[in-house]
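Novice: Can you read through this structure? Questions will come right after.
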Amino acid sequence: MKLPSRLAALLAAAAVVTACAPQTSSNSSSEKDDKSGTLRVWLFQEVGNDPKAEVVDSVVTAFEKAHKGTKVDVEYIPVDTRAQRVKAAFNDPKSAPDVMEFGNTDTAGYVKDGGLLDVTKEFGAWNESKDTDPTAKTSVTVDGKLYGSPFYVGVRALYYRTDVFKELGLQPPKTMDELATTARKIRAAKPDLYGLVVGGAYTYGAMPFVWANGGELATGKGGDYASAIDSAAAQKGIKAYTSLFGDDNCPAAKCAGMGGNDTITAFAAGKAGMAIGGDFSHTAVEAGKVKGEYAVVPLPGVTAGSIAPAFAGGNNIGVLKSTSHRTLAVDLMEQLTSKKTQAAMFDAMGFLPTFADVRQQVAAKNPYVKPFAQTLAAGTKFVPASPAWSQIDSQLVLPTMLQEIIAGKKSVAAASEEAAKKMNSAFGSAG
Amino acid sequence: MIRGLSRSSSRPWRRWSGPWLYLAPALVILGGLLLYPIYQLGLISLFHYTQAQVSGGEPTRFEGFGNYSALFSDGEFWSVLLATVLFAAACVASTLAVGCALAVLLTRVRAVPRLALMLAALGAWATPAVTGSTVWLFLFDPDFGPVNRILGLGDHSWTYGRFSAFFLVLLEVVWCSFPFVMVTVYAGIRAVPAEVLEAAALDGASQWRIWRSVLAPMLRPILTVVTIQSVIWDFKVFTQIYVMTGGGGIANQNLVLNVYAYQQAFASSQYSLGAAIGIVMLLILLAVTLVYLRLLRRQGEEL
């Protein structure tokens, strides 16, 4: 019975396609706003997810108690395949969740895909939103409208080996130039260590060098961006980063192919004097050989005492356009990203809160948070809020640029000009 | 019975349509599973079709051959195409050489070593490409790999140079695809009458001469199939390059067409550009196969 009916469906589909255009789904926003029923929530499945699930469960229980007749169905989706899941949800609104967690660099792309609900009004009316970090807020903003609520932030700082520094009589570097000389001193004294482990595919490790030198990824606003990666200031930063690749610090043959995780792995295994790692790398480093023999300081800027602007990574929680429970879903989004939840989430998972005051509280209790909180307080940067960013990211425009310079295939000027051209074509085609 | 027959012969279209009627179920399935997707692929390649169009965020826009002209005007596409053709050719030649040599070896050794070789080959065949690539990469790891230690190469990085990275991937591709050639050719050799081989040996032919003058001509249909198979497989190699060179190598030096399509198009949901690359690959493979078959036909071989 099954095969003939499938065949018939196939034939029918073939007949219908005479209309001659690829399929699209009608992902218009739902007009319905049911005040009861089941809300579906997708959150990311983290490594060691149980503590996260406990916090979420307590939020959900309170939410269900406060709203009679509602049920919340939480599903944890694997991070690796989230792109496919989210695309499928946008394509078929019937199987889509009402509320969803997403990486903050994906915001602009999802908005363009027509998947996220504009919650500007609700977010503004929410009494906790005034304490939200400005960069975290930028990461949910597209064209001046808000499409979600920040869930946590992540920034990178400088990890260094206290035992190596003590043995060699070194001090944590105060400027970016000092960072490079310190790295070379370590390598010279201990040739089996990388001085500062860097990666040619580690975009977010390289960007602070560009930003600290006054460069930008792109300039512009409201979907109309132009690449600035080939500006004189940006080139200076790129040069500072790529000059760290070499036998006197991190040999190109090994380091050119490394990504962020590889550098952390090397540091945790005791193969590097310094590394640029995030607050989220803390667990991995703690689990490594160097436990108890490292410390973290903010990555120094160009002048003494300044901090290099870091990339503000992290995740947001948003409401899908297709939801039929608009009011309830927005309320649940607020509960999941509230100050109380974020404080509990920090205790459970170590996720840095997006509220400045909550972050201060947790930093007071946990000394390791301090350098990251300082970095955040000094001002962070975000990738261009353009749907083109996901294209630039997946086409490896910036890693290719860095690797071309590191491998000596192109000069800084030529490689950055080429990268700027590719970025501009992405901005142009993705609008 | 007689009436039935006379009636059918009185309608000549029936005789003509008879074979087609029997073929119809197969044709419908083939059409549904092969032609329809290709038709869709071709159709999508003519539109501006990204995730925003699929999920209805933006209207679909007809672009004509815009995706193709964007592709052909990209200098990187041509260098990737050249690298892919050369790399696939090297992989096919090496795979066939290793596979055929080991197949001949299989016929010359005793049962126990034959079984061992068979099992080893089947093990390589059964290993998933991701696993094989990861293990292979570990063997050649500059810090922890045994190969550098045995060869005394210190911390030489195999994936840094363009050719050495391609060579490393070639080794893995050959390792995981020679078993198919070996087993198929071995089966073919077994089917060759023993008297023919014995006669050649009595005439004093060397092993190489037997292969060239006796086995290869007799195995030509089988060799044709494994060659075409290998060409198609190696032209479409993805996993090995993606895993072993970290998504295309240092500064994209190890890109092949499939990885290029993924990186440029599918990873950022530009389905229309990806479809255009797919169509170009399809046409190239079709052309290679047709030319190859044509060459064989000219040599008077029936397949």
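Novice: For chain A, what is the calculated [θ] at 222 nm in deg cm²/dmol (nearest 500), taking -39500 (n - 2.57) for each run of four or more DSSP H residues and dividing by its residue count?
Specialist: Mean residue ellipticity at 222 nm (helix-derived): -13000 deg cm²/dmol.
Novice: Please give the solvent-accessible surface of A:ASP80 in Å², to the nearest 10, using a probe radius of 1.4 Å with every protein chain present.
Specialist: 140 Å²
Novice: May I pose another question? Just the number, please: percent antiparallel of the DSSP beta bridges in the protein assembly as shown, rounded to the nearest 5.
Specialist: Numbers: 33 of 50 bridges.
Here the antiparallel bridges make up roughly 65 percent for the protein assembly as shown.
Novice: Which lysines does A:LYS52 reach when only Cα atoms under 24 Å apart count, and residues fewer than 8 places away in its own chain are ignored?
Specialist: Result set, ordered by chain and number: A:LYS65, A:LYS71, A:LYS137, A:LYS339, A:LYS340, A:LYS365, A:LYS370.
Novice: Now for a separate question. Pull out a ≥ b ≥ c, the square roots of the eigenvalues of the alpha-carbon gyration tensor of the protein assembly as shown, then state rounded if a/c is under 1.5, prolate if not and a/b is larger than b/c, and oblate in the remaining case.
Specialist: Taking the square roots of the gyration eigenvalues as a ≥ b ≥ c, the protein assembly as shown is oblate.
Novice: May I pose another question? Once you order the gyration tensor axes a ≥ b ≥ c over the Cα atoms, which shape class does chain A get: rounded for a/c under 1.5, otherwise prolate or oblate by comparing a/b with b/c?
Specialist: It is prolate, given that a/c is not under 1.5 and a/b is the larger ratio.
Novice: Moving on. With springs only between Cα atoms under 10 Å, which of A:LYS254, A:LYS121, A:LYS236 fluctuates most in a Gaussian network model of chain A?
Specialist: A:LYS121
Novice: Relative to the present Cα-Cα distance, how much length would full extension add between B:TYR292 and B:THR224 at 0.36 nm per residue of separation?
Specialist: 23.6 nm
Novice: Under a 1.4 Å probe, what is the accessible area of region A:91-249 per residue, stated in Å²? Numbers along the way, then the final one.
Specialist: Working: 6030 Å² over 159 residues.
Ligands and nucleic acids excluded, the figure is 38 Å² per residue.
Novice: If you don't mind, there's one more thing I want to ask. Starting from the Cα of A:LYS166, step 7 Å toward the Cβ, then list every residue of region A:272-305 with an amide N under 14 Å from that point.
Specialist: A:291-295
Novice: What figure in square angstrom, to the nearest 10, would you give for the accessible area of A:GLU286 with a 1.4 Å probe?
Specialist: Rounded to the nearest 10, that gives 60 Å².
Novice: Run through all the Cα pairs of chain B and give the fraction in each 20 Å bin from 0, expressed as whole percent.
Specialist: 24, 47, 25, 4, 0
Novice: Rg and Dmax in Å for region B:177-303, alpha carbons only: what are they?
Specialist: 20.2, 64
Novice: Relative to the longest principal axis of the C-alpha atoms of chain A, give the angle of the C-alpha long axis of helix A:232-242, reported between 0 and 90° and rounded to the nearest 10°.
Specialist: 70 degrees
Novice: Still on this structure, I have one more. How high is the relative contact order of region B:135-217, in percent, with contacts defined as C-alpha pairs under 8 Å that are six or more residues apart?
Specialist: Relative contact order for region B:135-217 comes out at 14 percent.
Novice: Roughly what % of DSSP beta bridges within chain A run antiparallel, to the nearest 5?
Specialist: Roughly 65 percent of the beta bridges in chain A run antiparallel, per DSSP.
Novice: Also, quick follow-up: Suppose only helical runs count, i.e. DSSP H with n ≥ 4. What mean residue ellipticity at 222 nm does that imply for chain B under -39500 (n - 2.57) per run, divided by all residues and rounded to the nearest 500 deg cm²/dmol?
Specialist: Numbers: 16 runs with 216 residues, N = 303.
Taking each H run of at least 4 residues, the total per residue is -23000 deg cm²/dmol.
Novice: Over chain A, with every protein chain in place, what whole percent of the accessible area is carbon and sulfur at 1.4 Å, could you tell me?
Specialist: About 54 percent, which is the carbon plus sulfur part of the accessible surface.
Novice: Taking a probe of 1.4 angstrom, what is the accessible area of A:THR105 in Å², to the nearest 10?
Specialist: 40 Å²
Novice: Compute the distance from the alpha-carbon center of region B:233-265 to that of region A:110-172, in whole Å.
Specialist: Measuring centre to centre over Cα atoms gives 33 Å.
Novice: A further question follows. Probe radius 1.4 Å, ligands and nucleic acids left out: which of A:THR242, A:THR162, A:THR181 has the largest accessible area, and how do the rest follow?
Specialist: So, going from the largest accessible area down, we get A:THR181, A:THR162, A:THR242.
Novice: Still on this model: Apply the membrane-span-like helix rule to chain B: whole DSSP H runs, Cα extent along the own long axis of at least 30 Å, mean Kyte-Doolittle hydropathy at least -0.5. List the helices found.
Specialist: Membrane-span-like by this criterion, though nothing is claimed about a membrane: B:75-108, B:162-191, B:271-298.
Novice: Sticking with this one: Please determine, in degrees from 0 to 90 and to the nearest 10, the orientation of helix A:397-406 with respect to the longest principal axis defined by the Cα atoms of chain A, where the helix direction is its Cα long axis.
Specialist: Helix A:397-406 sits roughly 20 degrees off the main axis of chain A.
Novice: Sticking with this one: Starting from the Cα of A:ASP247, step 7 Å along the direction of its Cβ; do the same at B:VAL85; then give the gap between the two resulting points in nm.
Specialist: In this crude spin-label approximation the distance works out to 3.9 nm.
Novice: How many square angstrom of accessible surface are buried between A and B, both sides summed, with a 1.4 Å probe and rounding to 100?
Specialist: 3100 Å²
Novice: Can you tell me the orientation of helix A:326-336 relative to chain A, as the angle in degrees between its alpha-carbon axis and the longest Cα principal axis, to the nearest 10?
Specialist: Roughly 30 degrees, rounded to the nearest 10.
Novice: Still on this model: Over all directions, what mean area does the Cα convex hull of region B:77-199 project, stated in square nanometres? Mind showing how you got there, number by number?
Specialist: On the way: hull surface 40.9 nm².
Orientation-averaged projected area of the Cα hull: 10.2 nm².
Novice: What net charge do the residues around A:ALA414 carry, taking every other residue with its C-beta under 10 Å from that of A:ALA414, with Lys and Arg at +1 and Asp and Glu at -1?
Specialist: Taking every Cβ under 10 Å from that of A:ALA414, the sum is -2.
Novice: Moving on. Once you have a ≥ b ≥ c as the square roots of the Cα gyration tensor eigenvalues for region A:322-423, tell me rounded if a/c is under 1.5, and otherwise prolate or oblate according to whether a/b is larger than b/c. Intermediate values should be presented prior to the final figure.
Specialist: Numbers: a/c = 3.65, a/b = 1.65, b/c = 2.21.
Note, shape of region A:322-423 comes out oblate.
Novice: Please give the length that would be gained between B:ALA201 and B:TRP125 if that part of the chain were fully extended, namely 0.36 nm times their separation in residues minus their C-alpha to C-alpha distance (nm, one decimal).
Specialist: 24.1 nm
The values are calculated or read from the model by the stated rules, or taken from the named source; none is laboratory data. Every value quoted in this text rests on a predicted model; they were computed, and no experiment measured them. FYI the Cβ positions are ideal-geometry reconstructions off the backbone, even for glycines, and counts take in every protein chain you see. Just so you know, the surface numbers come from the protein's heavy atoms only, side chains and all, with ligands and any DNA or RNA stripped out. Shrake-Rupley method; radii C 1.70, N 1.55, O 1.52, S 1.80 Å.
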